[in-house]
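Each remark here refers to the structure printed beneath this line.
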Amino acid sequence: MSTEYAVSWSPDQPIIDIRGLHKSFGNFEVLKGIDLSVHQGEVICIIGPSGSGKSTLIRTINGLTPINKGEIFVEGQLITGPKVDKLALRRKVGMVFQQYNLFPHRTVLDNVMMAPRLVLKEPKAEVRERARALLAKVRLAEKEDHFPGELSGGQQQRVAIARSLCMRPDMMLFDEVTAALDPETVKEVLNTIKEVATEGMTCVLVTHEMGFAREIADRVIFTDGGRIVEMGPPAQIFSDPQDTRTKEFLSQVL
Amino acid sequence: MSTEYAVSWSPDQPIIDIRGLHKSFGNFEVLKGIDLSVHQGEVICIIGPSGSGKSTLIRTINGLTPINKGEIFVEGQLITGPKVDKLALRRKVGMVFQQYNLFPHRTVLDNVMMAPRLVLKEPKAEVRERARALLAKVRLAEKEDHFPGELSGGQQQRVAIARSLCMRPDMMLFDEVTAALDPETVKEVLNTIKEVATEGMTCVLVTHEMGFAREIADRVIFTDGGRIVEMGPPAQIFSDPQDTRTKEFLSQVL
Amino acid sequence: MFEFIAPLFLALQKATGLNFSPFYNEYDFSRLMTGVQTSLLLIVCVLIVSLIVGLLGAAAQRSQFRVLRFLVAAYIAMFRNTPPVVQLLFFYFGLGALTPQVDMGGWYEPMISSFGWAVIALGIFGGSYNVEIFRAGIEAVPETTLEASEALAFSPVQTFIHVTMPLALRFSLPALASNLISLAKTTSIAYVIAVPEMTYALSGVWNDSLNVGEMMTLLFIYYISVVAVIGAIMGRLEKRLAVPGLGK
Amino acid sequence: MTKVSTVPRPNSLVSILAGAALLLAALAVGVITVSQVAQGPADSSLNVLRRWSPFILQGFMLNILMSVIAMILATISGVVLGFMQISHLAIVRQPARFVTHVFRNSPWLVILFAIMLMVPFEITLPYFGLVMIPGWVKATIGFTLPVMANLAEILRGAVASIPTGQWESAESLAFSRMQTMRHVILPQCVRRMLPSWMNWFALLTLMTPIAAILGVNEALGNTQAAMEAAGSSPDLLIPFYLFLMCIFFIFIYPVSVWTKRLERRFSTT
Amino acid sequence: QDNSAETLTSVMERGVLRVGVLGAFKPWSFRSEDGSLQGIEVDLAKRVAESLGVEAELVEITSANRIQFLEQKRIDLIIGGMYDTASRREAVGIIEPGYWASGPSLMARDGAIASWEDVAGKPICAKQGVIYNQLIETDFGARLMAFGGNTEGKEALRSGKCVAWFYDDSSIAADLATGEWEGFEMPVDALFVNPWAAAVPLAEKDGAFGKILSGLIYGWHEDGSLIALQKEYDLQPTAWLADMHESLEYDRSYLDE
Ligand SMILES: Nc1ncnc2c1ncn2[C@@H]1O[C@H](COP(=O)(O)OP(=O)(O)OP(=O)(O)O)[C@@H](O)[C@H]1O
Ligand SMILES: Nc1ncnc2c1ncn2[C@@H]1O[C@H](COP(=O)(O)OP(=O)(O)OP(=O)(O)O)[C@@H](O)[C@H]1O
Ligand SMILES: [Mg+2]
Ligand SMILES: [Mg+2]
């Protein structure tokens, strides 16, 4: 894995460290001071009502959304300063979106292979082998020559996960990856993520699937109005929420 | 309520009576023989995997989809013959769609008032009063001058329900009305439907919300591959399904 | 006005050689004025005719009569696939020879002037695009919205008047705006049948005064302003008809 | 069902048939006019047309040549101009926007006049010495400019129409801006742009006869010269102009049908 | 800077003389069915080239662009029905003497027009770029409709879009002579008679090229070849050509003795 610029960082320190993070769109303050540390191998699920800033929060971690105040460290490196190597950061942090965003003009295999080939300049044969292994893992080996438009939503989402994994990131961010899927196919995608998580990958997920969060998360974070309202192991959050907003939210969605 | 052409029908007979219904799109047979009777005041929930023909089934009831074989009676009147008064049928059967389908160029109040004004030619003042009452009922009284585009999905869906109700139909059809909504707003809409149902309206609903179906339905119908596979009170279908396909489906979505 | 600016431009010519003769030479000024008036009138008439033709065509395309639909398709095929200049010449010289003459008291003039033929030919030409634009607008109305009005027991006519048309109009506006603008520019080819519009007027001036560069600049400024005005009008209309949440 | 949407739409077959019927009708009208107004049986208009048609067709070759060359030049320069328009540097972007604006909003005829009358007919090139620019070459340049500006605008629109998700996911995969452009955005734009591109080719070809106004001997110029030389009798007008419309139609109509088909295919996927 | 020999030098180097002619201007220049140009002016152009020992290349010009063509060196010489006027003398090198002459006149349906005053308020067809177009509007109050080419202008008259065609008397006479204009007449005398001049770039007027041309044209008058061309192309004899021939004829009677 990429270690070239992890200067003073050792795996027992937080792999993601967010301190006093503020973010506004225009006059509207979306994140009002977030503090969060994630350790290597941890699986974090973020839950919370719509508009509470979940997506914004995880998009700041790989630098897609610039922030207004605060600091974010990834593997000990400050990534919110003025002269940050965004490309290096993104090689370490994989991200999967709600809308899959596969490249519609490339086959499934090409989608998975493109980034390692173009960005990491790895040899073709090697990348292909790895890509095929990943497609097999997400049970789509036989679809490698199809175009994204020929796949179902769930299949596309699994390709998107394989595509991110093929860059061999140190951690993965998932933003409501099952929200656009129909209830049945949700299961397939969640199973894939479960596998990734149990293999030791650091994962931060935004999800509405409470059952899944309960099963997979090491820690659950509940956000509301741009703040972390409550945080803890899933057993505690789901069975015995402390905050009234958490209680109210959980009573609605469970 | 409209009774003008209910010739030989009395409220103790089925209000909807479907016999041997077949429907194909081209060579593809979507409904392969459906028999179903619904009595006045009953609330029926249709569940089943995607593509099993649920939408097609309920669309035949108000004549949106023409059928190939079989008969459908609404209030004792054959509605699948060659010379059927479609407009009269649709005054009796209200329908709400997944995609809300409000008229985007008219305000909320206009949306609700249009049909009674244009179709029933009722006096404006009277319609407006009723429309406002219905908007209040779906808790959107203060939005009457907004355009649909300015409302959230849940709000739009509630307007769509009010719009249908304003025609004072004898029964209502709901096709996955919460599928396009985010988990929280689902609740609002379901509450509105619950109110409608408990007031004695005959309702046929297609839904993926098993919890809701369990709570509200008098009868649950499970469809698969164009057939009714299983039918019964929710307690039985959900706790003790007989058919293997029902079992499998429920194990996946619950 | 003319008296006021004439000395200025005469001085400009003396000093720099820039010869804006329409601003100091009375005859050229009258040519320019005729040019502006004719051109503006031509644009307005052509746009109106093209809109009427477009609406009628779109309506005919939805007719139950095959022959009518076929004729509209043939009309569109014909006018969108042949050069507009040749269409104009064909109308003016070809068909113009077959139209009756009117007695002007001692001499005869054609019932339809060159201006009239330009309006007809360009209006029909532009209309062939408008038909397709209106049709696309009608097709852009989501089927589900029409289903909803059907489910509410609207008659087909009620659906068309209260749902399809208002929405189709809004969907058509952007494409319509760009077609009207391009049609307005195309009116300059009325030059070939001696309609005294701007291009004709100013080319007359530069033929006599050999001030091509100056007149060309005027032409560019004129057409870009006209386009801007049409764009602004259409933009305003779009804003007037805009509905929150519809479109973008 | 009386669903509004079930009213048949003119599909491509109908319009192909309409096109073919139109062609036959045009020819028929031509023949009828000719046989009706022909004065002397010795030299009917149709005979005159037949004798002059090689001369007109020879002119038409120049229309095609001008439109093909102009299209190639416009595509190259349009892509460059389009990219300049979306540049992050204002100094590149602003002039590109201005040029695009001027050439998109001026009539073709005016642009053509400007090029024909204001560009010299002879230029001195290094190594070549004095090189003459024939009128049709200048006209070709005149036709290139508006098409260039419009293609630039189409490119800009196509890039803007690619969902932001595509940019973001490429960004998240550590693609550089250039890589994203080259491997993700542009390939998707090409597909979207193809129908408009062909549309502009058709429009361009249909505008080439205005070069006749400036003395280029293309199809329209040759048609008029032929009528004058053949004694400028009024019976010639309808058959000659109709013949001219037919040759353009035969060339352009297949292009339009194909464009429509592509449009439909792309809009459904 | 004296560049008065530039054109002649480049013509000789090139081996080609580029002459601008109108092209749709029967019988001075017009197309034959094979597309080539022919006519009186074409013949004259070929004679010039022949006497320089080069090939003639004919370039079609319009009245609207011929001066620019010459200024931009697209052509070396105009022999294209161009009037000799004071303002043109400022822009191009007008060669003296003129080789033809004519004046503006009208062609109209028999009896439609009796005098110049009759055109007031009526639509009159003309050709764009003709120098005297302005006259009929300013002096006689006609409504001018100027077309790009003779073909369109005359066609407009024929189909009744205007009451008269306002153009050169010599051209109108030539048209009437073809027999294709039955029922039409030239009802008025030319407003004036103006010589047609060949033109070279202004700087060349008094240079070698200009002088050579001047001499050639003088010779054509003197030896009667212009009158011969007039006959060859079935044109009505004009007084101006005869006068020129007479006045420029070199008195060779002394040789007879
Ligand atoms: N680019 C933007 N410009 C302006 N406002 C934005 C932008 N992106 C997000 N917002 C606003 O910020 C708030 C938080 O957005 P965010 O997408 O982070 O919420 P979320 O918790 O992910 O919600 P959801 O569950 O609906 O995805 C919302 O109110 C949204 O409207
Ligand atoms: N207009 C149509 N033309 C052709 N096939 C159709 C049409 N409408 C529906 N179908 C097909 O009929 C089948 C049943 O469709 P239907 O919409 O009734 O399913 P459903 O049970 O409502 O599924 P879902 O839960 O996805 O809404 C599907 O396979 C669908 O592709
Ligand atoms: Mg989100
Ligand atoms: Mg459905």
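Side notes on the structure shown:
- Whenever a residue of segment A:215-227 is of a type in the set (Phe, Trp, Tyr), its partners that are within 12 Å of ligand 1 (Cβ to nearest atom), lying with C-beta atoms within less than 6 angstrom and at least six residues away or across chains, give the pairs A:Phe222/A:Ile47; A:Phe222/A:Gly48.
- Test set (1) under 19 Å from A:Thr246 (Cβ atoms); (2) touching a Cys at 6+ places or on another chain (Cβ under 9 Å) - A:Ser52 fails condition number: (2)
- Among the numbered conditions (1) away from chain B (no Cβ under 14 Å); (2) free of Cβ contacts under 8 Å to residues at least 40 places away in the same chain; (3) of a type in the set (Asp, Glu), the only one that C:Glu132 does not meet is (2).
- Criterion violated by E:Leu135 - all others in (1) crowded, with 18+ Cβ neighbours inside 10 Å; (2) within 14 Å of chain C (Cβ to nearest Cβ); (3) assigned to a helix (DSSP H, G or I); (4) not small (Gly, Ala, Ser) satisfied: (1)
- Look at segment C:95-110: where a residue is within 12 Å of E:Val163 (Cβ to Cβ) and within 7 Å of chain E (Cβ to nearest Cβ) and a partner is of a type in the set (Val, Ile, Thr) and exposed (fewer than 13 other Cβ atoms within 10 Å of the Cβ), sitting 6+ places away or on another chain with Cβ atoms under 9 Å, you get C:Tyr108/C:Val102; C:Glu109/C:Val102; C:Pro110/C:Val102.
- Flag for B:Leu109 being more than 17 Å from the chain's Cα centre (by Cα), more than 11 Å from chain C (Cβ to nearest Cβ) and buried (at least 17 other Cβ atoms within 10 Å of the Cβ): yes
- Residue check, A:Glu122 within 13 Å of chain D (Cβ to nearest Cβ), more than 16 Å from ligand 2 (Cβ to nearest atom) and of a type in the set (Asp, Glu): yes
- Any chance E:Ala101 is away from chain C (no Cβ under 13 Å), part of a loop (DSSP other than H, G, I, E, B) and under 21 Å from E:Pro237 (Cα atoms): no
- Residue ranges of helices (runs of 4 or more DSSP H) in segment C:145-214 with at least 3 members surrounded by fewer than 24 Cβ atoms within 10 Å (Cβ to Cβ), within 9 Å of another protein chain (Cβ to nearest Cβ) and modelled with pLDDT of 90 or more: C:165-186
- Residues in segment E:201-257 that are among the aromatic types (Phe, Trp, Tyr) and exposed (fewer than 12 other Cβ atoms within 10 Å of the Cβ): 2 in all.
- Scanning segment D:96-111 for residues that are more than 8 Å from every other protein chain (Cβ to nearest Cβ) and either touching a Cys at 6+ places or on another chain (Cβ under 7 Å) or farther than 18 Å from D:Ala70 by Cα (or both) yields D:Ala96, D:Arg97, D:Phe98.
- Pair list, Cβ under 7 Å, 6 or more apart: segment B:41-59 residue away from chain A (no Cβ under 14 Å) and more than 8 Å from ligand 2 (Cβ to nearest atom), other residue hydroxyl-bearing (Ser, Thr, Tyr) and not in a helix (DSSP H, G or I): B:Gly41/B:Thr202; B:Glu42/B:Thr202; B:Cys45/B:Thr207; B:Ile46/B:Thr223
A quick yes/no check of all residues on (1) within 14 Å of E:Gly141 (Cβ to Cβ); (2) touching a Leu at 6+ places or on another chain (Cβ under 7 Å); (3) surrounded by 14 or more Cβ atoms within 10 Å (Cβ to Cβ):
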{"residue": "E:Arg89", "(1), (2), (3)": "no, no, yes"}
{"residue": "E:Gly93", "(1), (2), (3)": "no, yes, yes"}
{"residue": "E:Ala101", "(1), (2), (3)": "no, no, yes"}
{"residue": "E:Pro104", "(1), (2), (3)": "no, yes, yes"}
{"residue": "E:Ala108", "(1), (2), (3)": "no, no, yes"}
{"residue": "E:Gly111", "(1), (2), (3)": "no, no, no"}
{"residue": "E:Asp118", "(1), (2), (3)": "yes, no, yes"}
{"residue": "E:Lys127", "(1), (2), (3)": "no, no, yes"}
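- Total residues in segment C:14-32, condition of a type in the set (S, T, N, Q) and surrounded by fewer than 17 Cβ atoms within 10 Å (Cβ to Cβ): 2
- Residue check, B:Gly154 crowded, with 19+ Cβ neighbours inside 10 Å and either within 30 Å of A:Ser50 (Cα to Cα) or within 16 Å of ligand 3 (Cβ to nearest atom) (or both): yes
- Total residues in segment D:49-79, condition more than 16 Å from D:Ala212 (Cα to Cα) and surrounded by fewer than 21 Cβ atoms within 10 Å (Cβ to Cβ): 12
- Scanning segment A:60-88 for residues that are within 9 Å of another protein chain (Cβ to nearest Cβ) and more than 14 Å from the chain's Cα centre (by Cα) gives A:Lys86, A:Leu87, A:Ala88.
- Some residue of segment B:197-208 being surrounded by 17 or more Cβ atoms within 10 Å (Cβ to Cβ), within 16 Å of ligand 2 (Cβ to nearest atom) and farther than 30 Å from B:Pro104 by Cβ: no
- Residue check, A:Phe222 under 17 Å from the mean Cα position of the chain (by Cα), away from ligand 2 (no atom under 16 Å from the Cβ), buried (at least 16 other Cβ atoms within 10 Å of the Cβ) and not basic (Lys, Arg): yes
- Within segment A:173-185, considering residues that are crowded, with 23+ Cβ neighbours inside 10 Å and hydrophobic (A, V, I, L, M, F, W, C), the one farthest from ligand 4 (Cβ to nearest atom): A:Leu173
Residues are listed down the side, and each one gets a yes or a no for (1) outside any helix (DSSP H, G or I); (2) within 22 Å of D:Leu186 (Cβ to Cβ); (3) at pLDDT 90 or above; (4) within 16 Å of ligand 4 (Cβ to nearest atom):
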| site | (1), (2), (3), (4) |
| --- | --- |
| A:Thr56 | no, no, yes, no |
| A:Glu71 | yes, no, yes, no |
| A:Pro82 | yes, no, no, no |
| A:Leu87 | no, yes, no, no |
| A:Met95 | yes, no, yes, no |
| A:Gln99 | yes, yes, no, no |
| A:Asp110 | no, yes, yes, no |
| A:Met113 | no, yes, yes, no |
| A:Arg117 | no, yes, yes, no |
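- Residue match in segment B:5-12 (condition: more than 29 Å from B:Pro234 (Cα to Cα), in contact with a helix residue (DSSP H, G or I) (Cβ under 8 Å, 6 or more places away or on another chain) and away from ligand 1 (no atom under 16 Å from the Cβ)): yes
- Selection within segment E:30-56 - modelled with pLDDT of 85 or more, in a strand (DSSP E or B) and within 22 Å of D:Gln224 (Cβ to Cβ): E:Phe30, E:Leu37, E:Gln38
- When the helices (runs of 4 or more DSSP H) confined to segment D:19-137 are screened for residues that are out of contact with any Asp or Glu (no Cβ under 7 Å at 6 or more places or on another chain), at pLDDT 90 or above and among the small types (Gly, Ala, Ser), those reaching at least 2 such residues are found at D:45-85, D:90-105.
- Segment B:165-197: number of residues that are within 14 Å of chain A (Cβ to nearest Cβ), of a type in the set (A, V, I, L, M, F, W, C) and more than 16 Å from ligand 1 (Cβ to nearest atom): 3
- Yes/no for E:Ala120 being free of Cβ contacts under 8 Å to residues at least 60 places away in the same chain, touching a Gly at 6+ places or on another chain (Cβ under 9 Å), more than 29 Å from E:Leu229 (Cα to Cα) and more than 7 Å from every other protein chain (Cβ to nearest Cβ): yes
The values are calculated or read from the model by the stated rules, or taken from the named source; none is laboratory data. Note that the coordinates shown come from a computational prediction; the quantities given were computed from them, not determined experimentally. Don't worry about glycine lacking a Cβ; one is built from the backbone with ideal geometry, like all the others, and counts go over all protein chains shown.
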